[in-house]
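Student: My questions will all concern the structure given below.
The values are calculated or read from the model by the stated rules, or taken from the named source; none is laboratory data. Treat the numbers as computed from the prediction; the structure is a model and nothing was measured. Virtual Cβ from ideal backbone geometry, glycine too; neighbours counted across all protein chains shown.
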Amino acid sequence: MRRSLPTGAAPPMARAARREAYEAMRCDVCGSGERDEELLLCDGCDRGRHIFCLRPIAARVPTGPWYCPSCAPRSKPVKRFPMTQTKIVDFFRIQKGAEDGEVEKCSIFQDVKKRRKRPLVMHKKRRRILPYVPTEDKVQRLKQMASLATAMTFSNMKFSNELTYMPGMAQRLSNQARLEQGGMQILPKEDKETIELCRTMQKRGECPPLLVVFDSREGFTVQADADIKDMTFITEYTGDVDFLEKRANDDCDSIMTLLLTEDPSKRLVICPDKRGNISRFINGINNHTLDGKKKQNIKCVRYDIDGESHVLLVACRDIACGEKLYYDYNGYEHEYPTHHFI
Ligand SMILES: [Zn+2]
Ligand SMILES: [Zn+2]
């Protein structure tokens with residue numbers, strides 16, 4: 001458990017009683033008292049909650065005070081991001097039309113070009129990653145982007161659809177996929193093209209068909225705003241790249257493993273606390289329950305792309321419009337389950 005027993009002042013009897021109370025501590029969510037080293041105690045009401053039962057799951061026990069959702073100080077109200085085209089264009093740094101640079105030429109205000117459907121070919125050995133299909137209705141697409149901008153503004157984040165390397169943190173050179181313990185799978189050429197197509201679409205304002213919604217219990221979560229097919233690329237997990245070592249006492253609840261090197265001092269994580277994209281708001285499932293596993297509809301996979309490690313979120317089954325997205329959080333307690341993929 002996170003909080004240590006008070007020492008010194010308390011008489012031995014009281015201390016023993018307190019210890020007993022600690023031993024009887026159970027998680028408010030799953031009801032289990034097991035794995036007590038991962039059971040957080042609320043500094044307000046003394047009730048417990050596993051870090052992996054939290055939504056989103058906490059990567060580690062926070063160092064500062066921790067309050068359960070019912071005791072957490074009332075956070076500031078969520079302010080809606082304006083549904084103004086120019087503001088959205090600025091926020092996401094959407095590229096203007098190449099011809100004349102007019103905002104109106106941005107494809108977010110035009111209908112998505114109809115793409116030729118891929119021929120139906122059976123891939124026996126390997127299933128290819130599919131590009132996401134942006135919502136055709138431009139007003140709805142604007143609404144999707146405004147929902148993300150709302151969540152990001154509330155969380156004091158800037159939009160970045162790629163990994164960021166900031167001064168004082170890990171340098172880009174340290175992200176070498178070949179250093180991954182046991183090796184890392186290389187993203188096949190066709191899939192790389194798909195990811196690139198999606199990056200280009202995003203730059204044009206053709207975002208994945210997702211809405212960020214606010215849930216008083218879960219906080220910001222992401223739901224599908226259209227039916228999404230199995231194997232569809234959702235987004236890359238982005239944020240500032242840093243050394244795990246330096247983030248050991250970090251309270252950011254969305255730290256993601258990027259590189260697991262043999263040398264612990266070279267391990268890298270993605271920290272989307274200041275910069276990132278929609279992936280920051282997608283919830284991890286509870287790895288420990290069958291129910292949690294049933295909810296999972298996205299796989300989180302690391303790939304070697306041009307020698308660097310990248311974390312991709314890909315649909316692992318058909319997702320219905322309105323369904324919330326959940327991925328398998330690759331916390332430190334689990335080996336990365338890439339062997340289940342492809
Ligand atoms: Zn629990
Ligand atoms: Zn509490």
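Student: In this structure, is ASP242 among the acidic types (Asp, Glu), in a loop (DSSP other than H, G, I, E, B) and over 12 Å from the mean Cα position of the chain (by Cα)? Walk me through it before giving the result.
Tutor: Details: among the acidic types (Asp, Glu): yes; in a loop (DSSP other than H, G, I, E, B): no; over 12 Å from the mean Cα position of the chain (by Cα): yes.
No.
Student: For ARG280, all conditions in the list (1) surrounded by fewer than 17 Cβ atoms within 10 Å (Cβ to Cβ); (2) more than 17 Å from GLY307 (Cβ to Cβ); (3) among the basic types (Lys, Arg) hold save one; what is the number of the exception?
Tutor: (1)
Student: On the given criteria, is ARG128 surrounded by 11 or more Cβ atoms within 10 Å (Cβ to Cβ), basic (Lys, Arg) and modelled with pLDDT of 95 or more? I'd like the intermediate steps shown before the answer.
Tutor: Working: surrounded by 11 or more Cβ atoms within 10 Å (Cβ to Cβ): yes; basic (Lys, Arg): yes; modelled with pLDDT of 95 or more: no.
Considered against the rule, which asks whether it is surrounded by 11 or more Cβ atoms within 10 Å (Cβ to Cβ), basic (Lys, Arg) and modelled with pLDDT of 95 or more, ARG128 comes out as no.
Student: Are any residues in segment 47-101 among the basic types (Lys, Arg), modelled with pLDDT under 70 and within 16 Å of ligand 2 (Cβ to nearest atom), and if so, which ones?
Tutor: ARG55, ARG74
Student: A follow-up question, please. Identify, please: which residue in segment 209-229 is at pLDDT 95 or above and of a type in the set (Asp, Glu) and is, among those, surrounded by the fewest Cβ atoms within 10 Å (Cβ to Cβ)?
Tutor: Taking the candidates together, the pick is ASP227.
Student: So GLU206 fits all but one of (1) touching a Pro at 6+ places or on another chain (Cβ under 9 Å); (2) crowded, with 21+ Cβ neighbours inside 10 Å; (3) at pLDDT 95 or above; (4) farther than 24 Å from SER309 by Cβ; what number is the exception?
Tutor: For GLU206, the exception is condition (3).
Student: Which numbered condition trips up ALA320, out of (1) modelled with pLDDT under 75; (2) surrounded by fewer than 22 Cβ atoms within 10 Å (Cβ to Cβ)?
Tutor: With respect to (1) modelled with pLDDT under 75; (2) surrounded by fewer than 22 Cβ atoms within 10 Å (Cβ to Cβ), ALA320 is out only on (1).
Student: Would you check which residues across segment 24-55 are aliphatic (A, V, I, L, M), in a loop (DSSP other than H, G, I, E, B) and near ligand 1 (Cβ under 8 Å from one of its atoms) and list them? Don't jump to the end; show me each part of the working.
Tutor: Step one: list which residues in segment 24-55 are aliphatic (A, V, I, L, M), which gives 24-25, 29, 39-41, 51, 54.
Those left that are additionally in a loop (DSSP other than H, G, I, E, B): 24-25, 29, 51, 54.
Within segment 24-55, just VAL29 meets the criteria.
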